[in-house]
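Colleague: First, the structure itself, so that you have it in front of you.
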Amino acid sequence: GFKEQPSNRFIADRKVIAINYIKTWFIPDFLSTFPFDRVLPLLSPDTFTDQSSLRAIKLVRTVRLFRLLKLIRVLKLSTKLGQAKKAGFGLFNPSEIVPPAMVRLIKLLFKIMFVAHLLACFWFLNNECIAISDPRIPDIDESVWNECGSHTLTSQYIAAFYWTIATMMAVGYGDISANTDSERAYAIATQVIGAIAFGFIIATVTIIIETIDPEATAKKRRKDELRDYLNERQYSKDLQKRAKKHFSYFQTKTSTFAEMHIVSELSHTLKEVVVYESRADIIPMIKMFRSAVSDQFIVECVLRLKPMLMSYHQSVGNRGDISEEVYFVTKGRMEGLNMRERPPTAEEIKDNGLDIKDGVHPEHKFYDVVIAAIISDGFDVELNDCLNEKPMQLRYRAASVTDVLWLDHESLMYLKH
């Protein structure tokens with residue numbers, strides 16, 4: 001059946017279908033399938049005897065090019081399948097099983113084979129091979145068919161296709177060669193098309209190699225960007241080493257992809273499920289999340305947390321500073337240090353030439369560093385002071401190699417409101 005335009009009504013009546021076929025595709029189908037090259041010699045055997053007449057018969061084969069009009073049907077079918085896929089009719093999508101780059105390569109290979117098929121058909125039409133079994137030309141030498149195949153059409157097609165592939169993908173092997181001017185011109189065109197096809201294959205294979213592991217490719221690209229940036233700014237070797245170390249650690253703890261943007265396209269319910277599953281080791285650990293906070297707050301907060309590895313005795317702020325970040329310890333321990341005033345020792349009095357009869361001058365006060373707080377797994381570093389933009393009460397440093405998550409003040413204010 002077919003759909004009648006413009007009413008878009010489906011027609012299933014056989015008589016109407018037959019009339020519509022005669023008006024549309026009958027003539028192209030007839031011209032492309034009728035064996036003119038076999039019927040004409042039978043109708044007039046005395047006319048088609050010499051070499052020129054035989055070439056004329058071969059030219060009649062060009063009417064078979066009307067078969068290419070059938071590609072319009074294929075294009076229409078492809079368009080309809082694409083529309084059905086967009087409509088969500090559950091059609092099979094190979095990219096769900098095979099990597100997209102591999103699907104692209106397979107499609108490209110099929111396209112190249114189709115082009116090679118067309119080139120082989122035109123080569124068969126253009127070359128001067130003539131069957132030795134043809135009774136109209138009994139004196140053809142046996143060696144002619146070394147380049148053309150046997151007397152069957154299948155053998156001739158295989159020989160033509162062999163020449164096409166050898167010419168497209170290489171420079172040919174010489175066993176089948178172009179001898180006339182028209183054959184040489186056609187061979188040049190085939191080699192140019194082959195070079196273009198070979199370039200497409202190389203480009204597609206390169207894309208496949210790069211996308212076999214997209215995460216590793218993205219990580220390598222970002223590392224290269226960091227290295228180029230550090231070299232351009234001419235930072236010291238020690239600073240470059242620290243930056244690269246932090247960046248490597250950061251990549252092991254976070255997704256290479258734009259996770260915030262990806263999950264933002266999900267519904268709130270699905271977004272919560274995805275985040276809770278991907279951060280199942282972090283969310284139960286942080287003490288702040290155990291208080292009366294909403295799931296949405298937890299999701300938005302977790303997505304903005306950034307990892308950092310602190311080395312032994314590395315500090316994250318001094319007493320009296322206005323903190324721009326809040327830190328959560330996930331593994332290890334941090335110390336909160338305070339300064340406690342004390343009287344000078346006799347050795348310090350002697351070394352500094354002090355006279356303490358009238359008291360110690362403020363410039364010569366002495367302090368001891370004392371541990372005022374211990375922050376262990378899950379606890380935060382002065383969250384309230386960061387929220388209220390108050391000075392830090394202690395100086396904090398890592399008591400061991402410590403994993404922390406940090407959240408900048410701007411994100412904290414966004415979550416607060």
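Colleague: Inside segment 384-404, can you point out the residues that are open to solvent by 20 Å² or more (accessible area, probe 1.4 Å), within 18 Å of Leu305 (Cβ to Cβ) and of a type in the set (A, V, I, L, M)?
Modeller: Listed by number, the list holds a single entry, Leu387.
Colleague: Another question about this same structure. Out of all the residues in segment 263-275, which are in contact (Cβ under 8 Å) with a residue 12 or more places away in the chain and either surrounded by fewer than 15 Cβ atoms within 10 Å (Cβ to Cβ) or touching a Ser or Thr at 6+ places or on another chain (Cβ under 6 Å) (or both)?
Modeller: Taking segment 263-275 and keeping what is in contact (Cβ under 8 Å) with a residue 12 or more places away in the chain, we get 263, 268, 271-272, 275.
Within segment 263-275, just His268 meets the criteria.
Colleague: Still on this structure: In segment 217-257, how many residues are open to solvent by less than 50 Å² (accessible area, probe 1.4 Å) and under 30 Å from Leu109 (Cα atoms)?
Modeller: Adding up the residues that qualify gives 2.
Colleague: When both residues are 6+ apart or on different chains and their Cβ atoms are under 8 Å apart, which pairs have a first residue that lies in segment 300-315 and is on the phi < 0 side of the Ramachandran plot, and a second that is surrounded by fewer than 14 Cβ atoms within 10 Å (Cβ to Cβ) and among the charged types (D, E, K, R)?
Modeller: If the second residue must be surrounded by fewer than 14 Cβ atoms within 10 Å (Cβ to Cβ) and among the charged types (D, E, K, R), the pairs left are Leu309/Lys245.
Colleague: Another question about this same structure. Looking at Met260 and the list (1) open to solvent by less than 90 Å² (accessible area, probe 1.4 Å); (2) over 15 Å from Glu300 (Cβ atoms), which single condition is not satisfied?
Modeller: (2)
Colleague: Related question: Which helices (runs of 4 or more DSSP H) does segment 219-338 wholly contain that include 3 or more residues that are out of contact with any strand residue (DSSP E or B) (no Cβ under 6 Å at 6 or more places or on another chain), at pLDDT 90 or above and closer than 29 Å to Val369 by Cβ?
Modeller: On the way: elements: 237-253, 259-264, 268-278, 295-304.
By residue number, 237-253.
Colleague: Further question on the same structure: Can you tell me which residue within segment 304-346, out of those that are among the charged types (D, E, K, R) and surrounded by 13 or more Cβ atoms within 10 Å (Cβ to Cβ), is farthest from Ile283 (Cα to Cα)? Break it down stepwise before answering.
Modeller: From segment 304-346, those among the charged types (D, E, K, R) are 304, 306, 319, 321, 324-325, 331, 333, 335, 340-342; that's our starting set.
Pick out the ones that are also surrounded by 13 or more Cβ atoms within 10 Å (Cβ to Cβ) and you get 304, 306, 319, 324-325, 331, 333, 335.
Working: Arg304: 13, Lys306: 14, Arg319: 29, Glu324: 22, Glu325: 19, Lys331: 14, Arg333: 18, Glu335: 23 Å.
So the residue we want is Arg319.
Colleague: Still on this model: Could you tell me which of the residues Ile209, Ile188 is of a type in the set (Val, Ile, Thr), more than 30 Å from Leu118 (Cα to Cα) and open to solvent by 70 Å² or more (accessible area, probe 1.4 Å)? Explain how you work it out, then say what you get.
Modeller: Working: Ile188 fails: more than 30 Å from Leu118 (Cα to Cα).
Testing whether each residue is of a type in the set (Val, Ile, Thr), more than 30 Å from Leu118 (Cα to Cα) and open to solvent by 70 Å² or more (accessible area, probe 1.4 Å) leaves just Ile209.
The values are calculated or read from the model by the stated rules, or taken from the named source; none is laboratory data. Keep in mind it's a predicted model, so treat the numbers as computed, not measured. Neighbour counts run over all protein chains shown; Cβ positions are idealised from the backbone, glycine included. Surface areas here come from the heavy atoms of the whole protein model, side chains and all, with no ligands, DNA or RNA. Shrake-Rupley method; radii C 1.70, N 1.55, O 1.52, S 1.80 Å.
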